[in-house]
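Working notes, structure below.
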Amino acid sequence: MTVTPDQVESPGRLRGVGSLGRYVLLRFLLIFPTVLILVSMVFVVMRVAGDPITASMGGRLTAEQLEQRLTEAGYNRPILVQYLDYLGDLARGDFGRTTDNQAITEVLITYGTATLELAVYAGLLAMLIGIPLGRFAAYHRDRASDAVFRVLAILAYATPVFFAGLLLKLVFSVWLGWLPLGGRASTQTQISLGTIPGASGLLTVDALRTGRADLIGDVFSHLVLPAVALGLLTAGVFVRLVRTNMISTLSMPYVDAARSRGVRESRLVRTHAYRPALIPIVTVMGMQLALMLGGAILTETTFEWRGLGFELARYLAARDYVAVQGIVALLAVIVALTNFLVDVVAAFIDPRVRY
Amino acid sequence: MTSVRTFFVLAAASVLPLAACAEVAGEADGDTSDASTASGAQADSLTVGTTDVVTALDPAGSWDLGSAVLHGQIYRWLLTSEPGSTDPVPDVAETAEFTAPDEYTVTIRPDQKFANGNDLTASDVKFSFERLVGINDPNGPAQLLGDLKSIETPDDHTVVFLLNSDNNVLWPQILTSPAGYILDEESFPADNLATDAEIVEANAFGGQYAMTNYSANQHAVMTRNDLYDGLLGSAQTKDVTFQYYTDASNLKLDIEQGQVDVAYRTLGATAVADLANKDGVKVHLGPGAELRYFVFNAETAPYGSATDEPDPDKALAVRQAVADLVDREALAEDVYQGTYQPVYSVVPSALDGAVDSYLDAYGDGSGGPDAERAADRLSEAGVETPVTLNLQYNNDHYGESAADEYAMIKSQLEADGLFTVNVQSTVWSEYSNGYRNDEYPLYQLGWFTDYPDADNYLNLVYGSDAVESILGKANEDPTTNELIEQSRLETDAAARADLLGQAQDALADYLPIVPLLQGQDVIVARSNVQGVEETQDPSFRFRVGLLSKTD
Amino acid sequence: MATVVQEPRQRRGWTDLPVVWHVRHSAGLQRGMLIAGLVLVLGIVLVAVLAPFLAPYSHAQMSGAAGPFPRHAPPSGEHIWGTTVGGYDVFSRTLWGTRTALLTVLMAVSASLVLGVGLGLVSGFFGGPLDRVLVMLADAVYAFPALLLAIVVSIVISGGQSSYFGGVLSAAIAISVIFIPQFFRVVRAETLQVKAEPFVEAARVFGMPRTRILRRHVLRNTTRSIPLIITLNAAESILTLAALGFLGFGIDPTAAAEWGYDLNRAVADTSSGIWWTGVFPGSAIVLLVLGVTLVGESLTDISDPRLRRRRHRGRKKA
């Protein structure tokens, strides 16, 4: 699963002091075609699937009324014109409106915070669990404890989040009754938090700001199951990643040299292997964020967590293609930016990447 | 059926002249304070959980059950029905009657106000109806007002509706429908829909409650509207919150654990059956408005007019054989665990004029299936068996149990080797177009009422020259249409009921649809919630203002 | 799986086939993991083949000799894993579900393998503007959230219908779209390397046709990491099919048994404490993906000399 940043075509004969700068610039410019291709793909695929007006109102309007609405909304124009129009709007930061007449930028902001909140907690959990366990497994490689962690990590990969969610809910919500089944907070808490001045939309932050124990408890008790489900599954990826990369570095000649000088294995792991191994780990973690966003649709549906993924599922079911396009375009931008940052970090650390 | 008795008592109490209404409400308050000394104080707040979806707060932009339930708490009608009855009686109106065959005159009670203090006058009424028709939002109920020609307001307290047809006996019912809410002309824009935020801001609510905080499909927080002076009296509980769920299992657990006080629409059959055995909650079953049925497309169903082998007689025999084989009792009990009941007409049995036309005509004559009868019909008509049926249903609009319902129908029809059934589901956004475009030879549909009258269900199959039936022109039956038209002009109640009965019989003979089940109104409430039975009546209006809770 | 993989250049018998070679060159825990994975996968394949004999009922059967099945019946002698809300036998549906899952895997893997390897070879060998365009496209698709693509593809392909073939096909196509770039990238990179090898150069000098060079020399030498990607591809196919079913873009229960759909329906059961409708189909997904991934992981380890277990090491202090 090691990621080689080979997305970049060799920029050719770049030499000298400015090469990192030129690489970064070239790599940055490459974001635009990537995003463009993604957005175009969504646009084409969505238009093949149909138009939002027929999907939402076809059953209620006569053919003529439908035709009139399609014309009004511009869906009867040549597809190329619509496409260029859409790109123009996107470039101006206008994502369009949903069929229930909300500005999609509003939707992105409102629900994006919810998705971000879950991703941050799940990511933290994954790192806190995944990195130490991966280190441990690498240190004890090929022994029973290593095998156990590896199998656990593969199990985490093999378990769909909705199945993990079902089991967690069954045990902790239904049988034990400790934690709520879903949602970001109970209604009363949401109302209270919605009225505090300068509410950020990040419920844990807002609850902590009020300092009220009941609100904090309510918000965090809702967060536990989704964060644990998503966090544990992601931790599995991290365990495998850290282990593989550390074992690779542990068999590098310079580590062997240190080993032959009599440096103890535990010290080798700690000082020689750990830091170099972290580089690919960091890059993959960046990718993992992007993956989390893509997988948000499952996690959020499972736990009724009203974020972008949850809304996306709703808009997909309602065939609101404009809204889907908007959300996917945002995801595309985030993914492309993440990949860019990851590549730049990699290039900064390892000069070979630049050539 | 204990609930029916409760209705009767309540109806008797409130069939007092309207002037006495305030007094009745006063008495009710007295009652509860008596009760409170006996069994704990009455709580100030009540939470209702639902999986319904609200399209918009603006009544001109929504015509669906989820929106209607919420609107019913915060807006007011000229006419409404009393708890326990389906007859329209004056609410904002003082009197309401036909003053000429095409002229319906309503006088408005003096000193009626919206929650923001604005006066509710004749011009608000005119504004509300003209706005609805003018905006004509495709999600809105404007087509219910098809018979409205124009509105005149001779003075501040009088509204005259001029209608296209004469003696439209349904007009009073239409005034109680989602097309009949009275809005404040100073608060709502005349030409376009108001946003949810604008509506909450303007506080122009006429119903028992005024909304104070609203987040679409998350929560609606309402507080008692003290300026409400209508038929239902002051709301029992001061603060009410509607909490919207997307996942019914979350709602189920929350009602079980007491996070919400009332679960109104829609818990799955499994959840209801499970809750019925739990302490602390009570399952209330009342008459319901929902009808589940399936339709034969007259053109594409076996031997239909657009098939390779069109043959009206064989087509009818196939439809009859299907109707003979359907076992509604099994569907109601096994799939829906009694939360639905068998129905033998397109009109739910709780409504006046409902006749069990399908009961005698099909199956064993007492509601059960009859395979022999079906086989005879097919062989008499010379139909080769097994007949292949392609049956389409929807999996995200009529509840997830639809999959089980149609799997069972498949096995019922196939049991005796007369039919081979392919069952497929389609998501609603495709489905709602697909069935109109004749894509499905047999397909599932459901129906909810706009106003509690048999006509609203028969209207399903009714088509005129101007507007064809929603089941398509080819599925219309001239005899049924004729009978429905006659019933609409019949002012004598008994004669009208007779015509409605004949229309149902004619429909059963022609058999374009097979009605399967009628919904029951399932409300699960904590045991300390009172008043649930009072809101469960054949008018199918959920009135949260009748509910109260003791701590 | 071994059958779809090209043999190494010098044919020396069946023991040199990938996977077989891997088993022979592994030891200890690595061998254990590989064999465990193989056993799981082969076991499930066997279940799929023998489903008509193993499953007591058909996938959509709702009644038996003793009348209609009870609904939501807990596990018992009659229904060893209980019944669902629709009255289906959970055990039978879980067994039949292996067929749906494996069919999807088969279709997805063969489609992405053929197209991905073909495009990668051509792109890497010939280079030029076509290569650049393909690389850019592959990168863009690679960055696209996979599940989302699958949903959109399934909407387009099945038009919201729930037929058996439509459901399997949309999952398979969606997965192929995502995995073609992965095969493409790997094969292209290896082709670039092989192209520079002396023997390819020699063949070119001798005037061998380019298609023949591609087939004879390049293809055979670029297939080292393909078994690994195949296992990843297979695992993702299963997970995507399940996710589509769970989100309601799946296959009608009367058409076929599909685990994701069963889990979707099981969500409503959880709140009533009914566990058997979800736990069994969910575990089936986990076991199949686990088996495939164990095989893939072990293959990675064994192929990579740095990760391969060295017999002389490993007996160190605790």
For the protein assembly as shown, share of DSSP beta bridges that run antiparallel, in % to the nearest 5: 80 percent
For segment B:244-270 and segment B:406-466, compute the distance between their C-alpha centroids and round to whole Å. 28 Å
Carbon and sulfur together cover what percent of the accessible area of the protein assembly as shown at a 1.4 Å probe radius? 58 percent
At 1.4 Å probe radius, can you tell me the per residue accessible area of chain C in Å²? 41 Å²
Applying a 10 Å radius around every beta-carbon, put C:63-69, C:97-103, B:52-58 in order of their mean neighbour count, most first. C:97-103, B:52-58, C:63-69
Interchain or sequence-distant (5+) residues whose placed amide H lies within less than 5 Å of the amide H of B:S45 are B:D239
Cβ crowding within 10 Å averaged over residues, with B:434-440, C:206-212, B:384-390, B:152-158 ranked highest first: B:434-440, B:384-390, B:152-158, C:206-212
Simple spin-label estimate for A:D94/C:V20, 7 Å along Cα→Cβ, in nm, reads 6.6 nm
What are the residues of segment A:310-347 that lose 30 Å² or more of accessible area, with a 1.4 Å probe, going from their chain alone to all protein chains? A:L316, A:A317, A:R319, A:V328, A:V335
Ignoring solvent entirely, what values of log10 I(q)/I(0) come out of the Debye formula for chain C at 0.16 Å⁻¹ when each Cα is a single scatterer? -1.27
Just counting partner chain Cβ atoms within 10 Å, what average do the residues of peptide B:242-250 show around their Cβ? 6
If I model a spin label at B:A415 and B:K113 as a point 7 Å from the Cα along the Cα→Cβ vector, what separation in nanometres do I get? 6.4 nm
Arranged from highest to lowest average of other beta-carbon atoms within 10 Å per residue, in what order do the peptides C:114-127, B:136-149, B:419-432 appear? B:419-432, C:114-127, B:136-149
Report, in deg cm²/dmol and to the nearest 500, the calculated mean residue ellipticity at 222 nm for chain A, where each DSSP H run with n ≥ 4 adds -39500 (n - 2.57) and the sum is divided by the residue count. -24000 deg cm²/dmol
Compute the separation of the alpha-carbon centres of segment A:113-144 and segment B:143-165 and state it in Å as a whole number. 69 Å
If ligands, DNA and RNA are left out, what is the accessible area of C:H217 with a 1.4 Å probe, given in Å² to the nearest 10? 30 Å²
Set the Förster radius R0 to 41 Å, insert the Cβ-Cβ distance between A:W178 and A:A144 as r into 1/(1 + (r/R0)^6), and round the FRET efficiency to 0.05. 0.80
Quick one: if the Förster radius is 35 Å, what FRET efficiency do C:L54 and B:H397 give, using the C-beta to C-beta distance and rounding to 0.05? 0.40
Provide A:W175, C:W81 ordered by accessible surface of protein heavy atoms (probe 1.4 Å), highest first. A:W175, C:W81
Roughly speaking, what is the stretch gain from A:A63 to A:I79, that is 0.36 nm per residue apart minus the C-alpha to C-alpha distance, in nm to one decimal? 3.7 nm
Just name one of B:Q392, B:G84, C:A255: the one whose Cα is farthest towards the positive end of the charge dipole of the protein assembly as shown (beta-carbon charges, Lys/Arg +1, Asp/Glu -1). C:A255
Give the A-C buried accessible area in Å², both sides summed, 1.4 Å probe, nearest 100. 5400 Å²
Can you give me the C-alpha center-to-center distance between segment C:99-139 and segment B:317-342, rounded to a whole angstrom? 51 Å
Rounded to 5, percent antiparallel among DSSP beta bridges of segment B:288-520: 60 percent
Under the definition of partner shielding as Cβ atoms of other protein chains within 10 Å of a residue Cβ, what is the mean value for peptide C:132-139? 3
Which value in Å does the Kirkwood hydrodynamic radius of chain B take, with 1/r averaged over all unlike C-alpha pairs and then inverted? 24.6 Å
Can you spot the lysines whose alpha carbon is less than 16 Å from A:K169's alpha carbon? Ignore those fewer than 8 places along the same chain. B:K252
Protein accessible surface hidden between B and C, which excludes ligands and nucleic acids, total in Å², probe 1.4 Å: 2000 Å²
Is there a simple number for the mean count of other chain Cβ atoms within 10 Å of the Cβ of residues in B:268-279, and what is it? 3
B:N213 neighbourhood, Cβ < 13 Å, K/R = +1, D/E = -1, net charge -3
As a test of the formula, what do you get for chain B when each DSSP H run with n ≥ 4 contributes -39,500 (n - 2.57) and the sum is divided by the residue count, at 222 nm and rounded to the nearest 500 deg cm²/dmol? -9500 deg cm²/dmol
Largest first, what is the accessible-area ranking of B:T479, B:T86 with a 1.4 Å probe? B:T479, B:T86
On each of the three principal axes the extent of the alpha-carbon atoms of segment B:288-520, given in whole Å and largest first, is 49, 39, 38
State whether chain A is rounded, prolate or oblate according to the following rule on the C-alpha gyration tensor (a ≥ b ≥ c being the square roots of its eigenvalues): a/c under 1.5 gives rounded; otherwise a/b larger than b/c gives prolate, and the remaining case gives oblate. oblate
Would you compute, for the Cα atoms of the protein assembly as shown, the largest minus smallest coordinate along each principal axis and list the three values in descending order, in whole Å? 105, 76, 61
Taking 30 Å as R0, compute the FRET efficiency from the Cβ-Cβ separation of A:V263 and A:L341 and round it to 0.05. 0.30
Normalised by the number of residues in chain B, what is the relative contact order in percent for Cα pairs under 8 Å and 6+ residues apart? 20 percent
Would you mind giving the total buried accessible surface between chains A and B, with a 1.4 Å probe and ligands, DNA and RNA left out, rounded to the nearest 100 Å²? 2200 Å²
Counting only heavy atoms of protein chains, what accessible area per residue, in Å², does segment B:288-520 have with a probe of 1.4 Å? 36 Å²
Per DSSP H run of n ≥ 4, the term is -39500 (n - 2.57); total these for chain C, divide by its residue number, and report the mean residue ellipticity at 222 nm rounded to 500 deg cm²/dmol. -21500 deg cm²/dmol
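The values are calculated or read from the model by the stated rules, or taken from the named source; none is laboratory data. What you are looking at is a predicted structure, and each value in this text was computed from that prediction instead of being measured. As a convention, Cβ positions derive from the backbone with ideal geometry for all residues, glycine included, and neighbour counts pool all protein chains shown. Remember, those area values only see protein heavy atoms, side chains included, never the ligands or the DNA or RNA. Shrake-Rupley method; radii C 1.70, N 1.55, O 1.52, S 1.80 Å.
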